[in-house]
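Asks: Sending over a structure as structure tokens; questions will come in a sec.
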Amino acid sequence: MSVAQRELPTEANIINLGLPLFAEAVREQGATVTHVDWGVPSGSEPDVVAALTCSYGVRSVAFDVANAEVIARLDKASPVLTAVAPAGDVIPRLGDRMLLHAGPPIEYESVCDPLRRSMRAAVVAEGWAIDVDGAESLLASGTVLLGAANDHDTVVPMATALGPTTPVWVAENREAGTRGFAPVNQGPGEVPWFGRETPAAVNRLIFLRDIAQPRLSRILEGLAESKGPLDIMSMAAQGVQMGDDVHMRTQATTNLLVREMLPFIAALGDDAASLEFADYLSKNHLFYLTIAMAAAKSLTLSAQQVPGSTVVTSMARNGTTFGVKIGASPVWHITDAPPVADALYYAGFSDRDAALDIGDSAVLELVGLGGAAAAGSPAVAAFLGGSMADAARATDEMTRVCLADSTRFKIPVQGFRGTPLAVDVRKVVETGIRPKVTTGILHRSSGGGQIGAGVATAPIEGFRAGLFALDDDSAGM
Amino acid sequence: MTTTFSIRLFKDTYLDSVLQMSGTRVLEESDGVTWGSSAMATPANIETLLQRGFGAQDLDGAKPGDLFIAVEASDETAASDAATRAEAAMFSSRRAATPGLDQAPISLDQALRLEPSANIAIISVPGDYAALEANKALGRGLDVLLFSDNVSRADEIALKDHAAARGRLVMGPGAGTAMLAGIGLAFANVVSPGPVGVIAAAGTGAQEAMALCDRWGVGVSQVIGLGGRDLNEDIGGRMAALAIEALKADPTTEVILFVSKPPAPSVAQHVMSLANGIPMVAAFMGVDLTMTAPAGVVLADTLEGGVLRTMELLGRGAPDTSVTHGPTIAEAIDRLPAERTLIRGLFSGGTLCYEALVLLGKTYPLPVYSNTPIDKSLGLPAPDGASVLLDLGEEEYTKGRPHPMIDPMARIEQLEQAAADPRVGVILLDVVLGYGAHPDPAGVLVPIIREIMADGGPQVVAYVLGTDQDPQHFGAQVAKLVEAGCLVTETNARAAIAAGAIASRDRVKRSLSL
């Protein structure tokens, strides 16, 4: 019944877990020994320990094979930016009167205030209603369908509501045959993705559709003609070297892209609309965020093609609930969305004003960016506690729940080590370390938009449910 | 002579008090040093330093979270040398424990990041988490010695099937002894390399086998532990099968010495059938030697017999196993008052206790009771006036106190109690040496042995399980016991036979062949 050649070690290199006296005893004999300062696992309840023990047992032989394939897919594929297009033209199963949102599926009556406002703004921009009051009636009546973006190969940041005319990036993962989509970033200010529904916010959506999209299309065509389509993660890797985590901070990567785009931006001319576009571009330091998210989604989609892995393939919040998906399973494991902790608020605001965590951007944490790359980002460090040691700790924590190191995202200040990659649900439950998501905080009710920023920590229950579901999956296998 | 006062301060540095003391000891042992201390900069310690004449400016800003090395020496060079040595001593062990990190790794995976080529895990975490950690170690390609017990049978079966699928070993749960690549794991004796591959269900069985091989001049290649339940029907010898497969493939192993209590009959036959191709001695203590065994397998019914058969297979000359040190059996009998006729065995090794019960069952006319009886009708409480052997390593004796192999003091109370009974004639002791065991068990036991043997007290028959390469040194430990008046035998089996002979006043020299 053995499948591997049994061979006894010819040199003892020992890891000791438990009584220190055993480490001493082998050290005195001249063997190499590493003593582990062992502690009870975070998931110490008997049913959790039993599920972990089982998942690391003989079944892990098959998990290892599937996980290795997932790691290779997440690490090696090079999604390219092939187009920017109206969502309705490219996103699968997007209905004529449908809005996509972050996180797990949700009914309109349970949607949080900032996302409702964003949805109303989108309904108006789509032309389905003439104002936000009319939009509210349509949404409340169920005339407008809602869909979880993730279930349509799409990821959206914060409280974005994505309609059929919303311009989206198309990231094509040719190795796996997957395409990921994410909306062109709305930029700062009075914008729906921060939960605004003012006329200015609606106008931003119309600007993106009517002015930004055709120009971005021409720029992409120009880029493709001169250099071929943009290798998204290769540019992100350069950004990581320059201090981006490519989630909270995308300054460097955005600048690299804009530099590439510059000849084609200039070629747009100096008409008022093109100047408005250039102005939008110059103020949007998170411009690369959604491009990276689309690419990350194309990678996690390819990971979902691999049956029988233990890797987290979706992690998203809709402001009401938080959901994760594990491996190839389409099942959302859902819990209440967490509050955003460790928050810094703008003057006059506090946690009493804060909406719950929202957005799909945590997809970046699943592919070696965001918190996984925090250790190399001084800007993120300033946010996580002030010192580079705080940032390093965030990356170390990700390392403890990941299966591999990225071979393309390297952290210069850590000897160019790769960022941690492929979050293993078993390690999350065992260590209790949830991937941390750095995120903005929206006002819970005023429609005032962003009131601060902080770090959201996903609740453990969804991951535990995912772990238990590994058992169910195998029972059916 | 002038005195130099020198201080080194390490801000925000904590070391375990044991390490602090080791630094102090290095200072005190250094040439030219008249006084030295390495400790935390608590107000009391700083006060001490100031009173001794250390400069206040050197201690400026020192906080209780800081560590200092303070030296009074004949000159600056001596002070500096001593402080450097102390620093190296204190911090090197810290680094050795945690190479390349400020903090020790807190998980197997972190340890593997530091030592990617690690290949063996010793696991002694609480039983509730032992299977989880063992599974993870197997998954990372490590062989596992699982010392922990309180692992369920279902988990044990799953672990062993996992090990089989990975081509790895999971020795245990409840395995106390192994030796791989020449390194003893957990409780193990230091032995010379040689052709004998030992497989043992339990720890002291493995130790007796490896120690006797070494003392009798035949070395040991590997020692593989199984865990006490492996040969039960439900576990079915899963680990035994992996062990035999591993030793058959091991180029340094010429013969397998398999030691255990008698397995379930079907398991015994299964395990013996696997040898097929390599000579094997199956030493099943107390087994009926007329049991059929496959060709190529030699049966033995004691640990001593197992080692002797192994030597015969290798064509080695037989040692004289009846050698004793200290008084002869006849002399011991002469010393005993007539009413002292009972045996009290106080064992630290479970397998040694079991083997003694087997031998007394064969050579001693009266029933012997035990907390781990072979014949269930001879359990505790024993009737008044019965002989009793206790395995003091069992849970009921180790709750809240150290195992008697780690701390021989744990047996002193039992020794005093046994001696206080005027009917007890022989006290039977095992003294287990090797790594993991107490650094000087005989030294701890000798004062109390002298005390109880004085004035017509009971005779003490002792067996030292160890080798001359063990840190405690076999010969030195035997000498201490002999000097205290003990009769010391060559094997554990012989100690039991001698105890029975003395208690039953059998002056005929026992030449039982094992």
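The values are calculated or read from the model by the stated rules, or taken from the named source; none is laboratory data. Remember, predicted model here, so these are calculated numbers, not experimental data. Glycine also receives a Cβ, built like all others from the backbone with ideal geometry; neighbour counts cover every protein chain displayed. Only protein heavy atoms, including side chains, enter the accessible area calculation; ligands, DNA and RNA are left aside. Shrake-Rupley method; radii C 1.70, N 1.55, O 1.52, S 1.80 Å.
Asks: Binning at 10 Å from 0, report for the stretch B:400-441 what percent of all alpha-carbon pair distances ends up in each bin.
Replies: 27, 46, 24, 3
Asks: Would you mind checking the tilt of helix B:127-139 against the longest principal axis of the Cα atoms of chain B, expressed as 0 to 90 degrees and rounded to 10?
Replies: Approximately 90 degrees, to the nearest ten.
Asks: Quickly work out the residue B:233-to-residue A:283 label distance, labels modelled 7 Å from Cα along the C-beta direction, and quote it in nm with one decimal.
Replies: 8.2 nm
Asks: Still on this structure, please answer the following. For the stretch B:199-323, what size does the Cα cloud have along each of its three principal axes, sorted from largest down, in whole Å?
Replies: So the three principal-axis extents are 41, 32, 28 Å.
Asks: Could I have the simple spin-label model distance between residue A:272 and residue B:264, label points 7 Å from Cα toward Cβ, reported in nm to one decimal?
Replies: 9.0 nm
Asks: Using 21 Å as the Cα-Cα cut-off, could you pick out the over-long pairs in A:427/B:136; A:297/A:436; B:362/B:480; A:436/B:136? Mind showing how you got there, number by number?
Replies: Details: A:427/B:136 11 Å; A:297/A:436 18 Å; B:362/B:480 30 Å; A:436/B:136 25 Å.
From the list (A:427/B:136; A:297/A:436; B:362/B:480; A:436/B:136), the Cα-Cα distance tops 21 Å for B:362/B:480; A:436/B:136.
Asks: Under 15 Å Cα-Cα from residue A:283, which aspartates and glutamates qualify once same-chain neighbours fewer than 8 residues away are excluded?
Replies: A:190
Asks: Going Cα to Cα from residue A:227, which aspartates and glutamates come in below 20 Å? Please leave out same-chain ones fewer than 8 positions away.
Replies: Those aspartates and glutamates meeting the cut-off are A:172, A:175, A:260.
Asks: Need one number: buried accessible surface between chains B and A, 1.4 Å probe, both sides summed, DNA, RNA and ligands left out, in Å² to 100.
Replies: 4900 Å²
Asks: As a test of reading the structure, rank B:136, A:227 by solvent-accessible area (1.4 Å probe, protein chains only), most first.
Replies: A:227, B:136
Asks: Turning to a different aspect of this structure: So what does the Cα-only Debye profile of the stretch B:416-514 read at q = 0.11, 0.14, 0.20 Å⁻¹, as log10 I(q)/I(0), no solvent term?
Replies: -0.33, -0.53, -1.00
Asks: I've got another one for you. Excluding ligands and nucleic acids, what accessible area in Å² is computed for residue B:261 using a 1.4 Å probe, to the nearest 10?
Replies: Accessible area, nearest 10 Å²: 110 Å².
Asks: Calculated from DSSP H runs of 4 or more alone, at -39500 (n - 2.57) each and per residue, what is the 222 nm mean residue ellipticity of chain B, nearest 500?
Replies: Numbers: 17 runs with 195 residues, N = 514.
Value at 222 nm, helices only: -11500 deg cm²/dmol.
Asks: Moving on to the next point. Per DSSP H run of n ≥ 4, the term is -39500 (n - 2.57); total these for chain A, divide by its residue number, and report the mean residue ellipticity at 222 nm rounded to 500 deg cm²/dmol.
Replies: My calculation for chain A gives -12000 deg cm²/dmol from helical runs alone.
Asks: Is the protein assembly as shown best put as rounded, prolate or oblate by its Cα gyration tensor, with a ≥ b ≥ c the root eigenvalues, rounded for a/c under 1.5, and otherwise prolate when a/b is larger than b/c, oblate when not?
Replies: prolate
Asks: Please compute the modelled spin-label separation between residue A:62 and residue B:512, points set 7 Å along Cα→Cβ, answer in nm with one decimal.
Replies: That separation, rounded to one decimal, is 5.4 nm.
Asks: Please state the shape class of the stretch B:279-320: rounded when a/c is under 1.5, otherwise prolate if a/b exceeds b/c and oblate if not, all from the C-alpha gyration tensor.
Replies: Note, shape of the stretch B:279-320 comes out oblate.
Asks: Quick one, can you get me the convex hull of the C-alpha atoms of the stretch A:66-146 expressed as volume per residue in Å³?
Replies: Taking only Cα atoms, the stretch A:66-146 has a hull volume of 142 Å³ per residue.
Asks: Another question, if that's okay. Which value, in nm² and rounded to one decimal, describes the direction-averaged projected area of the C-alpha convex hull of chain B?
Replies: That works out to 28.3 nm², a quarter of the Cα hull's surface.
Asks: Can you list the DSSP H helices in chain A whose Cα atoms extend at least 18 Å along the helix axis and whose mean Kyte-Doolittle hydropathy is -1.0 or higher?
Replies: Helices meeting the span and hydropathy rule in chain A are A:60-76, A:113-126, A:213-227, A:251-266, A:289-304, A:388-401, A:460-476.
Asks: Calculate, for residue A:255 and residue B:51, the FRET efficiency according to 1/(1 + (r/R0)^6) with r their C-beta to C-beta distance and R0 51 Å; round to the nearest 0.05.
Replies: Calculated value: 0.20.
Asks: If DNA, RNA and ligands are ignored and the probe is 1.4 Å, what is the ranking of B:75, B:470 by accessible area, most exposed first?
Replies: So, going from the largest accessible area down, we get B:75, B:470.
Asks: Students sometimes get this wrong: rank A:463, B:10 by accessible area, probe 1.4 Å, all chains present, largest first.
Replies: So the residues, ranked largest to smallest area, are B:10, A:463.
Asks: Once R0 is set to 22 Å, what does the formula 1/(1 + (r/R0)^6) return for the Cβ-Cβ distance between residue A:89 and residue A:203, expressed as a FRET efficiency to the nearest 0.05?
Replies: E(calc), rounded to 0.05, equals 0.45.
Asks: Evaluate E = 1/(1 + (r/R0)^6) for residue B:44 and residue B:339, where r is the Cβ-Cβ distance and R0 equals 60 Å; express this FRET efficiency to the nearest 0.05.
Replies: 0.55
Asks: Then there is this: For chain A, just say rounded, prolate or oblate: build the C-alpha gyration tensor, square-root its eigenvalues into a ≥ b ≥ c, call rounded for a/c under 1.5, and beyond that prolate if a/b exceeds b/c, oblate if not.
Replies: prolate
Asks: Take the alpha-carbon centre of the stretch B:240-305, take the same for the stretch B:469-514, and report the distance between them in whole Å.
Replies: Between the Cα centre of the stretch B:240-305 and that of the stretch B:469-514, the gap is 28 Å.
Asks: While we're looking at this one, here's another question. Calculate, in whole percent, how much of the Cα-Cα pair population of the stretch B:269-342 lies beyond 14 Å. Please list the in-between numbers first.
Replies: Details: 1884 of 2701 pairs.
In whole percent, the share of Cα-Cα pairs in the stretch B:269-342 beyond 14 Å is 70.
Asks: Please report the carbon-and-sulfur percent of the accessible area for chain B; probe 1.4 Å, protein heavy atoms only, DNA, RNA and ligands left out.
Replies: 52 percent
Asks: What's the angle, to the nearest 10 degrees (0 to 90), between helix B:265-275's Cα axis and the longest principal axis of chain B?
Replies: 70 degrees
Asks: For the protein assembly as shown, what is the accessible area per residue in Å², given a 1.4 Å probe and the full set of protein chains? Walk me through the intermediate numbers first.
Replies: Working: 36350 Å² over 991 residues.
Here the per-residue accessible area is 37 Å².
Asks: Please give the net charge around residue A:431, taking every other residue with its beta carbon less than 15 angstrom from that of residue A:431, where Lys and Arg add +1 and Asp and Glu add -1.
Replies: For residues surrounding residue A:431, the net value is +1.
Asks: So how exposed is residue A:93, as accessible area in Å² (1.4 Å probe, rounded to 10)?
Replies: 150 Å²
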